[in-house]
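S.K.: Have a look at the structure that comes next, please.
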Amino acid sequence: MPIRSVVFDVGETLMDDSTFWSSWAEWIDVPHHTLAALVGAVTALGHDNAHALRLIRPDFDLKAERAAREAAGHGESISEQDLYPDVRPSLASLRDAGFWVGVAGNQTVRAAELLRALDLPVDAIATSGEWDVAKPAPEFFTRLIDWAPGRPDEIVYVGDHPANDIVPAKAAGLRTAHLRRGPWGYLWADDPMVTDHADWRIDSLSQLHEVLPPFSAA
């Protein structure tokens, strides 16, 4: 079955999250390695990454802390240096091949603005903050299907997180590509959540152009 649209997750798919977590470690005043270790631990336990912050501060309120950081001039930042090296060439290659290319992940409204400011070679960018629904909710993928061109089985969702990306995208009727990158991508690469639900398993975004069947309007 040909693919018409390719839609990408953001964290640890397009972006290296090192800067993201380092900024949170500085904000809550713990060593970077402490928070990194806790993120790894909650990943292994299958918890949401934000749980690592709540282990340090049990009363941690993510929304309130984000607002406080913005007010203090330490808000979200996304720069070219946060992108993995294969991102720009891979996105450009897919567009040149005729695919519609989108980005849709669990990020804030502000993150969407920052991503658009990078002028990535994509057709559209959206975030859960803008859609007011987050993965793995089925409604996120319903919105994505309405947003990206093609039938569900002509859209492939690319991500590293089995429970947030691969399983719910497959349940919505999308094709899926699991990227073996980042804590979730490496840890769960051979888990049945991936092997039973991913149409493709890749180690780099550059492999997508090689494995995806081209879309033909004929």
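The values are calculated or read from the model by the stated rules, or taken from the named source; none is laboratory data. Just so it is clear, the structure is predicted and the values come from calculations on it, not from any experiment. Every residue, glycine among them, receives a Cβ derived from its backbone with ideal geometry; neighbour counts consider all protein chains shown. Protein only, heavy atoms only, side chains kept; ligands, DNA and RNA dropped before computing areas. Shrake-Rupley method; radii C 1.70, N 1.55, O 1.52, S 1.80 Å.
S.K.: Give me the pairs: first residue in the stretch 41-55 and closer than 17 Å to residue 31 by Cα and open to solvent by 40 Å² or more (accessible area, probe 1.4 Å), second residue not basic (Lys, Arg) and not in a helix (DSSP H, G or I), beta-carbon distance under 6 Å, and six or more apart or on different chains, which are they?
M.R.: 54/60
S.K.: Taking the condition open to solvent by 30 Å² or more (accessible area, probe 1.4 Å), basic (Lys, Arg) and farther than 24 Å from residue 46 by Cα, does residue 151 pass?
M.R.: When the stated conditions are applied, residue 151 passes them.
S.K.: Right, something else. When you scan the stretch 59-67, do you find a residue that is closer than 26 Å to residue 116 by Cβ, surrounded by 13 or more Cβ atoms within 10 Å (Cβ to Cβ) and not basic (Lys, Arg), even just one?
M.R.: Looking for residues that are closer than 26 Å to residue 116 by Cβ, surrounded by 13 or more Cβ atoms within 10 Å (Cβ to Cβ) and not basic (Lys, Arg), one finds at least one in the stretch 59-67, hence yes.
S.K.: Let me ask something additional. Just to verify a result, which residue in the stretch 184-218, among those that are open to solvent by 80 Å² or more (accessible area, probe 1.4 Å) and in a loop (DSSP other than H, G, I, E, B), is modelled with the lowest pLDDT?
M.R.: It comes out as 218.
S.K.: Under 19 Å from residue 12 (Cα atoms), open to solvent by less than 20 Å² (accessible area, probe 1.4 Å), free of Cβ contacts under 8 Å to residues at least 24 places away in the same chain and not in a helix (DSSP H, G or I) - does that describe any residue in the stretch 164-183?
M.R.: no
S.K.: For residue 127, indicate whether it is polar (S, T, N, Q), surrounded by fewer than 20 Cβ atoms within 10 Å (Cβ to Cβ), closer than 26 Å to residue 163 by Cα and within 15 Å of the chain's Cα centre (by Cα).
M.R.: The answer is no for residue 127.
Yes or no, residue by residue, for (1) under 19 Å from the mean Cα position of the chain (by Cα); (2) of a type outside the set (D, E, K, R):
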{"site": "48", "(1), (2)": "yes, no"}
{"site": "75", "(1), (2)": "no, yes"}
{"site": "85", "(1), (2)": "yes, yes"}
{"site": "102", "(1), (2)": "yes, yes"}
{"site": "111", "(1), (2)": "yes, yes"}
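S.K.: State all residues of the stretch 132-141 that are outside any loop (DSSP other than H, G, I, E, B), touching a residue at least 12 places away in the same chain (Cβ under 8 Å) and more than 12 Å from residue 170 (Cα to Cα); if no residue qualifies, say none.
M.R.: 140
S.K.: Another one. Which of the residues spanning the stretch 85-124 are in contact with an Asp or Glu (Cβ under 6 Å, 6 or more places away or on another chain), of a type outside the set (Gly, Ala, Ser) and either surrounded by fewer than 18 Cβ atoms within 10 Å (Cβ to Cβ) or closer than 15 Å to residue 15 by Cβ (or both)?
M.R.: Selection gives 109, 110.
S.K.: Regarding residue 158, is this residue aliphatic (A, V, I, L, M) and without any contact (Cβ under 8 Å) to a residue 60 or more places away in the chain?
M.R.: no
S.K.: So the check is Cβ under 6 Å with 6+ separation or different chains; which pairs have a first residue in the stretch 70-93 that's closer than 18 Å to residue 203 by Cβ and a second one that's in a helix (DSSP H, G or I) and open to solvent by less than 30 Å² (accessible area, probe 1.4 Å)?
M.R.: From residues that are closer than 18 Å to residue 203 by Cβ, the pairs are 86/205; 90/205.
S.K.: Right, something else. Check every one of the helices (runs of 4 or more DSSP H) wholly within the stretch 1-106 and list those with 2 or more residues that are out of contact with any strand residue (DSSP E or B) (no Cβ under 9 Å at 6 or more places or on another chain) and under 26 Å from residue 139 (Cβ atoms).
M.R.: 32-45, 51-56, 62-71
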